[in-house]
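Taking it in order: structure first as structure tokens, then the write-up.
The values are calculated or read from the model by the stated rules, or taken from the named source; none is laboratory data. Note that the coordinates shown come from a computational prediction; the quantities given were computed from them, not determined experimentally. FYI the Cβ positions are ideal-geometry reconstructions off the backbone, even for glycines, and counts take in every protein chain you see. Heads up: the accessible areas ignore ligands, DNA and RNA and are worked out on the full protein's heavy atoms, side chains in. Shrake-Rupley method; radii C 1.70, N 1.55, O 1.52, S 1.80 Å.
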Amino acid sequence: MSAEAHEGLGDRAHGWRRSFRHWRGQCPFWAGVLTLLGGLPIMYFPYANLTFGTVTIRMATTAGAGSLIIGVLLIVLGLTMWFQKHSRIFAGVAAILLALVSLVVSNFGGFVAGYALALVGGAMAIAWAPGAPVADPDPGPDGHRRAG
């Protein structure tokens, strides 16, 4: 491939990165990430088998289905925070409540890791507020933007 063929890749990657940064600023992105990551250990640990040599340790609980439901709901709430930013308060409150329920139902909330991530993600979703749009500088008297 020639150097000219690779030249357009940088522009596309830069444009994708810029659009991702804009989208990330328009929603409670990190709250969704933490809530989504909080659902994974809550969902995983009740079904995990740890093997040390010939010894298998199983951390199954009687409420394995409850752990699966809580984990899936936390993942859905994390995605809701990303794509339905107007329902972020509902998703944040629901994530906090599910994190609290996971302490009892799911191996202390995924050994406290999933509990803590979901709790902080829910709190961040409630606290997030959309920013004010950035105003362009005043155009000059001839209608063009001033150099600054």
Using 7 Å Cα-to-Cβ label points, what is the Phe52/Ala65 separation (nm, one decimal)? 3.2
Rolling a 1.4 angstrom probe over the protein heavy atoms, how many square angstrom per residue are accessible across the stretch 3-132? 60
A convex hull over the alpha carbons of the stretch 11-89 yields, per residue, a volume in Å³ of 118
Sorted by average packing, counted as other Cβ atoms within 10 angstrom per residue and highest first, what order do 18-31, 94-107, 112-125 take? 112-125, 94-107, 18-31
Going by accessible area, probe 1.4 Å, with all protein chains left in place, what is the ranking of Thr56, Thr35, largest first? Thr56, Thr35
Can you run phi through the Karplus equation (6.51, -1.76, 1.60; θ = phi - 60°) for the stretch 82-91 and list ³J(HN,Hα) in whole Hz, with x for Gly and Pro? 6, 9, 10, 5, 6, 9, 5, 5, 4, 5
The extension gain from Val76 to Ala116, computed as 0.36 nm times the residue separation minus the Cα-Cα distance, is 12.7 nm
